[in-house]
Every structure is written in C-alpha cells, then in structure tokens.
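Taking it in order: structure first as structure tokens, then the write-up.
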Amino acid sequence: MSAGQRSKNGCWTCRTRRKKCDEGSPPCGNCEARGLFCHGYGPKPPWKDRGEKERDEARQLHMQTRSRRTQLLTSQSSSSSSPALASFLRPSPDSAVACEGELSRPCLSPSDDLPNIGNFGGLGMSGDFWGPPVLATDILFTSSSDEFNNGAVELPIVPQSGPGLICFPSRTSNEQAANSEHELRYLMHFMGDTFSLLHSGYQPTSLMKRSWLLLLLMRSAPFYYASLSMSAYHESHQLSNFSNPDVNGIPYQDYQTYRTLAIRRLADLREAHQSSAPAFRLAEEEMICFVQLAILEALGDNSQDCRLYLSSALKSLYDNAFFEHENQLLVTQRPSSHSASQPFQTPDLICRSSPMEREALEFYRSLLVWNDILSCSLNATEPSNTSAYQVILRDDHLSFKFEEVVSCQSWILCSILDATQLSNWKREQEAQGHLSVRGLVGRSEKIESVLEQGIQKLAELVGQDPPPSNLLSSHVHSYIFAHAVLVHLNTIVSGYSPGVPEIQQAMDRAIAAWDTHPSLTDLRLLAWPFYVTAVLCLGSQRQQFRQLIADASKKAGYLQSTLPKLNSIVEDVWRKVDTSVMRKDKFSSYIKPLHNQHLNVFFF
C-alpha cells in the first residue's frame with residue numbers, strides 16, 4: 001500500500017499514519033512494536049476531524065516514531081563508539097576509596113537508550129504529547145510513592161558503557177540523518193549563542209577555555225538534553241523577537257521534548273547514585289545537572305521546579321562538600337545530621353581530576369553558591385553551607401574563579417554572608433530579650449569597615465576618567481554591589497526606614513554608584529543591588545531605576561523575564577508605600593512576602 005493511500009481497516013493509529021494494520025487486539029502489533037499508543041477499533045476519536053486536530057495527532061505520531069528510530073539507531077551503533085568519550089561520572093568500586101589513579105568512567109551517553117517519548121502515561125503526562133508540560137516532581141521526586149517503587153514507572157537503566165555523543169553508523173535513512181543534524185544544530189546554537197546570553201558575566205578570552213562545556217555535553221545525558229532544551233527555547237524566542245513565543249512552533253515543541261528527556265535522564269542518574277556507595281562522581285554530575293535544570297526552569301518561569309532543583313543541588317553540595325585546591329579535588333562526606341552549625345571539616349578523601357572537570361565543577365558550583373547567598377540574604381536565612389562557602393570565597397584561587405564566573409569579587413559575597421549572620425543574631429537576641437544596641441552596632445561597624453576598605457580600592461579604578469585599560473565589568477559590578485551591601489547592612493541595624501539618616505546617606509552613595517561606567521554594567525547580573533536599593537527609593541530617586549530598566553530592556557537577547565519581574569516587584573512596593581502610612585514595620589511587610597515568590601530565578 002502506498003504511503004499516500006489511507007487504509008480502509010485497522011486501528012485508528014495505523015489509519016492516521018497510513019500504515020497497514022495487523023488488526024490484533026489493542027494494541028495492534030504495529031503500534032506495540034513502535035511504542036505508540038494504539039487508539040483501537042472503536043468509534044471515531046474526537047480528534048479525527050479531517051482538520052487541525054487530526055494533523056496535530058499525525059505530527060505527534062511522527063515525532064514518536066522518529067524518536068524510536070533514533071533509539072534503535074544508537075543501539076546499533078554502540079559497538080563503534082569512541083572509547084575516548086568514556087564518562088568520568090561513575091567511579092569503579094574501589095576507585096572511590098583509593099583515588100591513586102584515574103577513576104573508571106563509563107559513559108552516560110545522551111544518545112544511548114533514549115526513552116520512548118510517546119509513552120509517558122505513568123509519569124503524569126496526558127496522551128496528548130503537546131498538552132501540559134511534564135512536571136519535574138512527577139518524575140524526579142516520587143521515588144517514595146507506591147507507583148514508583150512497584151515498577152509502574154519504568155526508567156531506562158543507566159548504561160555501564162555506551163556510545164559517544166556523535167555516532168555515525170554506516171547506513172542511515174534520510175529521516176535519521178535529519179534528526180541527528182537537528183540536534184547538532186541546537187547543540188552548536190547552545191555553545192555559540194545561548195550559553196553566552198545566559199552567562200554574560202563569564203567571558204573567557206578564547207573558545208578553547210570553554211572546552212569543559214563540550215566535555216559535559218559529551219558525558220552527561222541530563223546536561224545534554226537540558227542544554228538542547230535551552231537552545232530550542234532561545235530559538236523560539238528569537239523567532240518571536242523575544243516576545244511571547246509560538247507554543248505550536250517546532251522550536252518551542254522541541255524545548256518541551258528535550259526538557260522532558262532531561263528530567264527522565266536525571267531520574268536515571270539519581271537512581272544510579274542512590275544504588276552506588278560511595279559515588280562521588282555521580283554526586284558531582286548530579287549537582288551540575290540540578291543547577292542546569294534549575295536554570296532551564298527559570299527560563300520557562302517554572303518557579304516551583306526551579307526551587308526544587310536548587311534545593312537538591314544544595315543538598316548534593318552540602319552532603320559531598322567538594323571543592324578544589326592546588327589542582328586536586330577534595331571531598332568531605334558530611335555526617336547524616338545536617339546542622340547549620342556543623343563545622344566544615346578537613347577533607348578526608350582526595351581524588352585527582354582533570355582540568356576540564358575542575359572547570360566544570362567550579363563554574364556550576366560558583367553559580368549555585370552565588371544564587372544561594374543572595375537569595376538567603378533577602379530572606380534573612382543563613383545558608384546551610386556557610387562554612388564551606390567561606391572556604392571557597394576566601395581562597396585566592398577559588399575566589400578568582402568565582403569572580404570569572406559571576407563577574408563580582410568574592411569578598412562582596414563574604415560581606416553579604418556576614419550581614420546575614422548579623423541579621424540572624426539580632427533576631428535571636430530580640431527573641432530572648434537580650435539585644436544590646438551597642439553590640440549590634442559594634443558588629444555592624446566591623447562589616448562596614450571591610451566594605452569601606454574594598455570600596456576605596458575599587459574607587460581607584462572605577463573613579464578614573466577616561467577609564468583605564470584594566471578596568472573590567474567585575475570591578476564596576478563589585479563597586480555597585482558594595483554600596484548596595486552598605487544599604488542592606490543599615491536596614492538590618494535600623495530597619496526598613498528610608499528616612500533614617502544613615503540609610504539615606506547609604507542610599508545616595510548607592511544611587512551614585514549606578515552612574516559609574518554604565519557601558520560596563522549588566523543589569524541581569526546586578527539584580528540583587530538593584531532590588532536592595534530600589535525598593536527603598538522615595539520620590540525622584542525612583543526615576544533613575546525606572547530608566548535603568550528601560551535602557552536594559554532595549555538590549556536584544558535577554559532570555560529571562562528578569563527585567564519585567566524586577567520592575568513589577570519594585571513598582572508594587574512603591575505603590576503600596578505611597579498609598580499607606582509608611583512605618584518601618586509596615587514597609588518591611590511589603591518587601592519580605594515578595595522574596596519567597598520570585599528571587600530564586602533572578603541570580604543566574
């Protein structure tokens with residue numbers, strides 16, 4: 001039967017696909033062999049309308065069969081894969097104990113054992129593949145449920161070894177080749193464009209310094225699919241000129257497809273990690289992938305899943321407490337009790353790691369530390385990893401890497417940590433009725449002294465006109481941050497009251513700092529100082545921040561909805577303050593409830 005001739009008999013799935021049906025009991029043999037949902041032989045389905053619904057169903061079936069062919073293709077070509085792509089992310093049984101040589105690193109290949117996209121019934125997805133997107137919680141965080149434990153949800157087993165990322169079999173159909181090229185196009189778009197837009201503060205001097213990114217893409221399936229999803233999301237916004245994307249367009253559909261695959265493969269990784277003891281390499285990949293998925297969910301404005309991934313990444317970081325020093329990877333296994341007061345102990349396990357592995361870990365750990373410190377500061381909660389953060393931020397080598405990633409000097413984050421600890425100390429003393437104003441001011445002055453010394457050093461560079469050749473964006477960003485920390489510190493001591501003289505003085509200095517070399521500033525990286533300063537503005541002070549938002553919004557290429565959200569939050573606070581009696585306790589009640597809802601998606 002020709003492809004163009006519609007069969008007269010058979011199940012509705014085969015008739016829609018214009019394929020011959022063996023008319024077996026549902027599912028028919030044809031659908032079962034291809035992993036498709038068989039619609040049976042009953043009354044005509046509601047989507048069988050000879051119109052748009054039927055075309056949508058046909059497209060879904062085509063996508064599912066294409067994924068199935070890719071799965072078969074990769075399994076056939078696994079024997080010809082390059083051994084050079086063997087993954088570092090799972091250690092051999094004895095290598096985690098004695099790390100004298102290279103760890104055994106079987107590959108977690110993105111191309112191996114792809115899940116069947118069309119069969120997500122047990123994972124919370126509707127039969128309509130392009131219906132509501134799958135939630136991360138449906139797949140990743142239901143391991144304790146009866147359905148998961150009883151095997152109702154079958155996830156692909158993480159292979160002990162597998163093919164490399166790019167495998168070219170001796171023979172392939174045009175459709176299979178097109179599918180491979182489709183992913184390669186997204187891959188190159190991610191490496192060349194999307195990554196740079198997402199992490200504008202990270203600008204290595206050459207593309208070679210970003211080789212670690214390709215290493216992750218080649219070795220980690222969850223990271224690979226999450227990155228393809230980001231690339232497709234970026235392309236869908238490019239096509240819409242960064243307005244609302246076409247949800248029915250191919251790039252947006254690919255964004256959802258790859259996002260779901262990333263979630264499933266991360267579930268595989270978690271399962272492998274939980275069954276391996278010890279499994280530091282899996283923990284390292286897991287932490288990196290959690291951060292990457294958090295960024296992906298921040299792009300899609302899925303705040304709940306974003307926070308879920310961030311919490312999981314922080315737990316992985318806390319449990320393993322891995323950091324680098326003198327070209328060695330140091331690992332400390334934490335005790336089972338997660339006490340914030342637990343000291344950061346001397347590492348008892350040292351593993352060798354390659355330069356690219358260290359670069360990858362440094363990058364994503366820096367993003368995680370950055371986000372956690374800034375988020376916790378505005379929620380007045382001390383990070384669980386404070387001791388580890390202080391080791392990272394005060395180490396010369398690690399602090400340099402941190403500045404390279406987030407475009408802000410590490411001592412700024414140390415001061416924010418100190419301010420957060422001061423806020424907690426004040427709250428505890430107030431609860432006990434033992435707060436000493438002199439003690440509070442004394443502690444505050446120590447932090448302020450460090451900030452003033454740092455500002456003075458930065459001013460020697462930032463204050464020059466014309467700017468010197470060695471002036472970097474990180475210098476200007478740090479200068480703006482430091483002044484915002486002074487504002488934040490004064491609100492901890494005196495409360496949210498803009499009329500207090502010391503707060504008003506700090507505000508005037510902070511607002512003036514924003515006028516310094518605006519061509520070297522990136523508002524997306526300055527979300528924290530923007531928010532801390534802007535919410536306390538009164539009258540004419542607000543115009544400058546409105547102008548900052550307007551100027552930044554004109555820049556092409558912003559992927560996140562950070563700017564509109566920032567503007568919305570700040571304007572909401574201003575509106576409430578203007579329409580009420582402004583007392584400092586009232587002012588605080590306007591600000592804090594907004595933090596928990598939004599701020600976890602700001603600091604990437």
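Here, each number is a calculation from the coordinates, and none is a lab measurement. Everything quoted here is computed from the prediction, not taken from an experiment. All Cβ positions, glycine included, derive from the backbone under ideal geometry; neighbour counts span all protein chains shown.
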Legend entry - Debye-sum result for region 406-524 in log10 I(q)/I(0), which assumes one identical scatterer on each alpha carbon, at q = 0.10, 0.13, 0.16 Å⁻¹: -0.33, -0.54, -0.77
Legend entry - Cβ charges +1 (Lys, Arg) and -1 (Asp, Glu), total dipole of region 12-74, debye: 260
Legend entry - Rg to Rh, two decimals, where region 12-74 supplies the alpha carbon set and Rh follows Kirkwood: 0.98
Legend entry - Using θ = phi - 60° and Karplus 6.51 cos²θ - 1.76 cosθ + 1.60, couplings along region 366-371 (whole Hz; Gly, Pro as x): 4, 4, 5, 4, 4, 5
Inset, instruction - Using per-residue counts of other Cβ atoms within 10 Å, averaged over each peptide, order 40-53, 512-525 from highest down. - result: 512-525, 40-53
Legend entry - Average projected area [Cα convex hull, region 176-257], square nanometres: 6.1
